[in-house]
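The values are calculated or read from the model by the stated rules, or taken from the named source; none is laboratory data. Note that the structure is a prediction, hence the values are computed from the model and not measured. Don't worry about glycine lacking a Cβ; one is built from the backbone with ideal geometry, like all the others, and counts go over all protein chains shown.
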Number of protein chains: 2
Amino acid sequence: MANSYAIGLDYGTNSVRALVVDTANGAELGTHVFSYPHGEAGIILDPNDPNAARQHPQDYLDGAVAAIRGALDDATKSAGFDATRIVGLGVDTTGSTPIPLNAEGVPLALTDAFKDHPAAMAWLWKDHTGHAEAAEITQLAARQHPEYLAKCGGGYSSEWFWSKLLRCARVAPKVFNAAHTWVEHADWMPAILCGITAPAGIKRCICAAGHKAMFHPDWGGYPSAEFLGALDPGLARVRATLPNTAYAVGHVAGRLTAEWAARLGLPEGTPVSAGAFDAHLGAVGSGIGPGVLVKIIGTSACDIMTAPLAQAVPDIPGLCGIVPESVLPGAYGFEAGQSAVGDLFNWFVNVVQPGNGSHESLTLGAEQLKPGESGLLALDWNNGNRTILIDPRLTGLMLGMTLHSTPAEIYRALVEATAFGARTIIGRLEEYGVQVDRIVCCGGISAKSRMVMQIYADVTGRPMEISRSAQTCALGAAMAGAVAGGAHPDFAAASAAMTAVQETRFEPIPANAAVYDRLYGLYRRLHDLFGATSLAENQFDVMKTLLAIRDEARGA
Amino acid sequence: MANSYAIGLDYGTNSVRALVVDTANGAELGTHVFSYPHGEAGIILDPNDPNAARQHPQDYLDGAVAAIRGALDDATKSAGFDATRIVGLGVDTTGSTPIPLNAEGVPLALTDAFKDHPAAMAWLWKDHTGHAEAAEITQLAARQHPEYLAKCGGGYSSEWFWSKLLRCARVAPKVFNAAHTWVEHADWMPAILCGITAPAGIKRCICAAGHKAMFHPDWGGYPSAEFLGALDPGLARVRATLPNTAYAVGHVAGRLTAEWAARLGLPEGTPVSAGAFDAHLGAVGSGIGPGVLVKIIGTSACDIMTAPLAQAVPDIPGLCGIVPESVLPGAYGFEAGQSAVGDLFNWFVNVVQPGNGSHESLTLGAEQLKPGESGLLALDWNNGNRTILIDPRLTGLMLGMTLHSTPAEIYRALVEATAFGARTIIGRLEEYGVQVDRIVCCGGISAKSRMVMQIYADVTGRPMEISRSAQTCALGAAMAGAVAGGAHPDFAAASAAMTAVQETRFEPIPANAAVYDRLYGLYRRLHDLFGATSLAENQFDVMKTLLAIRDEARGA
């Protein structure tokens, strides 16, 4: 049988990447990255509001053409590659990144009436303008529908779908009223490439709907119109435009139109998979399956797990999302994360020691240290805590400094803090019956820092495996394309053929693990003392009060 | 009446300073500093034991000559100065800095038998080799004589007299057995200059005896021979060589011999005051009196207060020392302190940001910040806590960091932490009835940093006054000489004539003080949570366990 190929189209925060993959063995034949031209590094900011982050939908369209054409050009350097043997296309995007559409399915940002209006753009995942609205949604759900919150860990986030829509209704009613419906970027891309413009025809993916829009089969899909209407009547109107079905990756969302096929250089009618978020398809590209925890470790960390739908999985407190089929068909998908990992190390290098240390020089010093030798212990909360406390207003803590504590010791303590945070997530999953048998890491830090990976192995007491691919999100998207295109019957087969881990893996060193067990006990005490509201002896309000004082001081 | 002059001889850690002062108005006519030639910057170290710090007594003798001769040369530049009108000499030294003497009163280090033996040298204040012995003394006193501990805040320190003697008995019995008695540097200097060599004739000052050797009139002087003998029979032998009387500054310890007068260039028979420690005479030189707290703020901070002997002063928990007449005749002397102030700022500048920031550049950024604006809060324990927790094994803590926390914010948080520590000491004094009406600061930081002084005023809610003299220890020693020499009838008169504060003083800014009141509440919670053993909800063992783990890791 002749080789067949799939394409993964991976929309990140600043750019979009296309990857051409051999479906038989996962060989990556061609890739190309297109940086979004609008705004700063692709993000349209508001100088008056640091919470705002928007993107221009035109960048998504132009990016699809440039990235796929570039990747195909790159692939043609490989002997035997033939673009006519491309059997499927998959897409992943950031999220929740909703886009307002008019009744004809055109993004408002692409209409003359709203073409420079920030509220008409895509509301990027990290837009936090809706933080007050998020609190409002959480409060109402706590009173009327606690089951909505139980699936998203107990609190609704300002990064999520309904917070952004409600914010738009409040501050930009003209835009909100002109929007017939809103669509996730992950859903818009497959639809537009397949010529599906009528809003009613756009298929919604379960990954976005379930993790960000409180969609769940238990209550028949999205939240009730009554609940949404109590927040704003306009939300009930939007609710009426949304379907009651959502789709997992691998489902054929549509087929490439002749027009798009020509623009992209792909066969007309190529099946396009339903979309998903980048981290989820990153987990797929890392070989996720039963018992495998995939950790995507970059500036922040995203942890993805699955469990068979047949398994009775309880709600897990503090876990951001538990959604049937959000990662793979036939399995529950779990999403957890840490708000800062690489960003924490970058803070120390770039902000605390500007122009002085480097990750390389600090690592040289830090890797000479034995566990516990520094006497330092830190909490990894400089950007809040996503799992298991779900609290963006927690802040950092470091303890144990003497007059001799060195930058390398501090750097290592920050690395260890993120490892303790990772262990806390694993512990919470297993407490609730989701057994972690293997851990596969991907993302920049897993590829770059042997020290970090060894510390993670020592702190968790488990081997750390590293994904073979350096572009797992795009690879996972290509796998979705391959399944949609029939090159593999399911993701288990696609995974067996197309993913692998590196030969080098990091085994825990027992002596180190023993010390880290003791340090983790102390970490966990600080974690609960400052982060949990439930302990009698907690000091939970210390960080909050500091932030309140800080906000007052800054506003004064 | 013609002017008269007094000389202050101020023995510091690395050098000795002499100062010639006009007794009528405190004018400083001449000064000279002599750096000790032995060891590293005057300190004889042990490459195998970082706790060891010794000094050579010959440096003290050579230093007296060089410093006084130099200061007189300097003073002769002033019109009208006449060295024959010098009426008194005062001495201050570091302490506890005990020196072993043979039966003839000769320091063992100056005898052929022991001339290069480290244990025969002066055991400098910061020699911590006796930490195990200090714990042994504390334990025995807690069982047999809790009253001994009550006067020194609840624990006996490795920096103090009996810890050092016991250590010598244990590790250098030859030296210990050859020592007829031990004398504080502060007592040896007046004795030697006045030709008092017979050990029984050496007068002991109450400052050293009371603060460092558990001397108290309540139990007839030094601790009982029975108690000391239970620690080591040799200590009981030394106890028998010690007098039951100790003297305050201003008491004439003796008069300059003809030989020393000639060597120093001073009138024969000049009265020499009983000695005292540098911080205590620094307080005198800063104008200490009823209701005045003197803060000597340098690498660490020393706080000195007095209260009339007529006042019923209780034991104050956590205060290092409460000794009748240790600072001024007729008053209780109180000594408190912070283990790191300038050292804490130096750590951040020199260790965390080597070759990058400077105190000046960080201050420029930090002084732009409003109180509370950074969201940061720190404990000032990187070198332990001297008052009110008396625990050298407490360590630093910083809380509230985000990914945007800047070096200037961290620097300011460290400054604020030391101010919170200062406020805690003031609060403790006043809780026990020692009213603080004025605060006068001296020492390097008070002279150099307007920002630090303003923060201290804002945090404590009290004006910060700054001593006029930049060499208050030597000035205080000269005042002791002036009183001993009869130029003033008492220290109140000497203080009125010879000391002053600068015109510039730092007033608390109400808006800042209001924010700092709130931040201090949080500081105090962290302080008690991590530093006190008495709270049910304490996390006291977190730092201890980290240190134990650290020590094990370093020893492994």
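Are there helices (runs of 4 or more DSSP H) fully within the range A:117-207 with at least 3 residues that are modelled with pLDDT under 95? List them. Show your work before the answer.
Details: elements: A:131-144, A:146-150, A:161-171, A:173-178, A:185-193.
Counting at least 3 such residues, we get A:131-144, A:146-150.
Please determine, by comparing only the residues of the range A:147-177 that are crowded, with 20+ Cβ neighbours inside 10 Å and among the charged types (D, E, K, R), which one is farthest from residue A:219 (Cα to Cα).
Looking at the filtered set, the residue picked out is A:167.
Does at least one position in the range A:66-86 carry a residue that is under 23 Å from residue A:248 (Cα atoms) and part of a strand (DSSP E or B)?
Looking for residues that are under 23 Å from residue A:248 (Cα atoms) and part of a strand (DSSP E or B), one finds at least one in the range A:66-86, hence yes.
Tell me which of these residue B:213 doesn't satisfy, since it passes every other one: (1) under 26 Å from residue B:388 (Cα atoms); (2) touching a strand residue (DSSP E or B) at 6+ places or on another chain (Cβ under 7 Å).
Single failed check for residue B:213: (2).
Could you please find all residues in the range B:491-510 being surrounded by 15 or more Cβ atoms within 10 Å (Cβ to Cβ) and of a type in the set (Ser, Thr, Tyr)?
Scanning the range B:491-510 gives B:495, B:499.
Take the residues in the range A:235-256 that are surrounded by fewer than 17 Cβ atoms within 10 Å (Cβ to Cβ) and among the hydroxyl-bearing types (Ser, Thr, Tyr), then tell me which one is farthest from residue A:296 (Cα to Cα).
Among them, the one singled out is A:241.
Can you confirm whether the range B:354-366 contains a residue that is in contact with a strand residue (DSSP E or B) (Cβ under 6 Å, 6 or more places away or on another chain), within 13 Å of chain A (Cβ to nearest Cβ) and without any contact (Cβ under 8 Å) to a residue 60 or more places away in the chain?
The answer is no; no qualifying residue exists.
Output the number of residues of the range A:367-411 satisfying the condition of being of a type in the set (D, E, K, R), more than 12 Å from every other protein chain (Cβ to nearest Cβ) and within 20 Å of residue A:517 (Cα to Cα). Break it down stepwise before answering.
Filtering the range A:367-411 down to residues of a type in the set (D, E, K, R) leaves A:367, A:370, A:373, A:380, A:386, A:391, A:393, A:409.
This time we only want the ones that are more than 12 Å from every other protein chain (Cβ to nearest Cβ), so: A:367, A:386, A:391.
Those left that are additionally within 20 Å of residue A:517 (Cα to Cα): A:367.
Result for the range A:367-411: 1.
For the range B:237-332, give me every one of the strands (runs of 3 or more DSSP E) that falls completely inside it and has 2 or more residues that are over 27 Å from residue B:155 (Cβ atoms).
B:252-255, B:271-273
For residue A:534, which of the numbered conditions (1) within 10 Å of chain B (Cβ to nearest Cβ); (2) modelled with pLDDT under 90; (3) surrounded by fewer than 22 Cβ atoms within 10 Å (Cβ to Cβ) fails to hold?
Checking residue A:534 against (1) within 10 Å of chain B (Cβ to nearest Cβ); (2) modelled with pLDDT under 90; (3) surrounded by fewer than 22 Cβ atoms within 10 Å (Cβ to Cβ), the one that fails is (1).
Could you please give the count of residues in the range B:5-38 that are surrounded by 18 or more Cβ atoms within 10 Å (Cβ to Cβ), over 20 Å from the mean Cα position of the chain (by Cα) and in a loop (DSSP other than H, G, I, E, B)?
Going through the range B:5-38 one residue at a time, the tally reaches 2.
Among A:437, A:490, A:458, which is touching a residue at least 24 places away in the same chain (Cβ under 8 Å), within 14 Å of chain B (Cβ to nearest Cβ) and closer than 28 Å to residue A:306 by Cβ?
None of the other options fit; the residue is A:458.
Mind checking whether some residue in the range B:129-146 is closer than 25 Å to residue B:274 by Cα, buried (at least 19 other Cβ atoms within 10 Å of the Cβ) and out of contact with any Leu (no Cβ under 9 Å at 6 or more places or on another chain)?
First, pick out the residues of the range B:129-146 that are closer than 25 Å to residue B:274 by Cα: none.
Within the range B:129-146, not a single residue is closer than 25 Å to residue B:274 by Cα, buried (at least 19 other Cβ atoms within 10 Å of the Cβ) and out of contact with any Leu (no Cβ under 9 Å at 6 or more places or on another chain).
Given the conditions (1) on the phi < 0 side of the Ramachandran plot; (2) not assigned by TED's automatic domain parsing to the domain that holds residue B:178, which single one is not true for residue B:287?
So the condition that residue B:287 fails would be (1).
Give the residues of the range B:339-350 that are away from chain A (no Cβ under 11 Å) and either more than 22 Å from residue A:355 (Cβ to Cβ) or at pLDDT below 90 (or both), sorted by residue number.
B:341
Taking the conditions exactly as written (in contact (Cβ under 8 Å) with a residue 12 or more places away in the chain, over 16 Å from the mean Cα position of the chain (by Cα), more than 14 Å from every other protein chain (Cβ to nearest Cβ) and crowded, with 22+ Cβ neighbours inside 10 Å), does residue B:336 satisfy them or not?
Working: in contact (Cβ under 8 Å) with a residue 12 or more places away in the chain: yes; over 16 Å from the mean Cα position of the chain (by Cα): no; more than 14 Å from every other protein chain (Cβ to nearest Cβ): yes; crowded, with 22+ Cβ neighbours inside 10 Å: yes.
Judged against the criteria, residue B:336 is not a match.
Among residues belonging to the range B:336-367 that are of a type in the set (Gly, Ala, Ser) and not in a helix (DSSP H, G or I), point out the one that is farthest from residue B:153 (Cα to Cα). Steps first, please.
Within the range B:336-367, the subset of a type in the set (Gly, Ala, Ser) is B:336-337, B:339-340, B:342, B:355, B:357-358, B:361, B:365-366.
Right, trim to not in a helix (DSSP H, G or I) and you get B:336-337, B:339-340, B:355, B:357-358.
On the way: B:336: 10, B:337: 12, B:339: 15, B:340: 19, B:355: 40, B:357: 38, B:358: 37 Å.
So the residue we want is B:355.
Quick one: which residue in B:313, B:294, B:323, B:349 is β-branched (Val, Ile, Thr) and within 13 Å of the chain's Cα centre (by Cα)?
B:294
(1) surrounded by 21 or more Cβ atoms within 10 Å (Cβ to Cβ); (2) modelled with pLDDT of 95 or more: which one isn't true of residue B:353, the others all being true?
(2) is the only condition that residue B:353 fails.
Sort out which residues of the range B:109-162 are among the aromatic types (Phe, Trp, Tyr) and either in the same structural domain as residue B:532 (by TED's automatic domain parsing) or farther than 20 Å from residue B:210 by Cβ (or both), and write them in order of number.
Within the range B:109-162, just B:114 meets the criteria.
Across the range B:301-321, what is the total count of residues that are crowded, with 18+ Cβ neighbours inside 10 Å and either assigned by TED's automatic domain parsing to the domain that holds residue B:346 or in contact with a strand residue (DSSP E or B) (Cβ under 6 Å, 6 or more places away or on another chain) (or both)?
10
Go through B:423, B:412 for me and flag whichever is among the charged types (D, E, K, R) and over 30 Å from residue A:339 (Cβ atoms).
Details: B:412 fails: over 30 Å from residue A:339 (Cβ atoms).
Just one listed residue meets the conditions, B:423.
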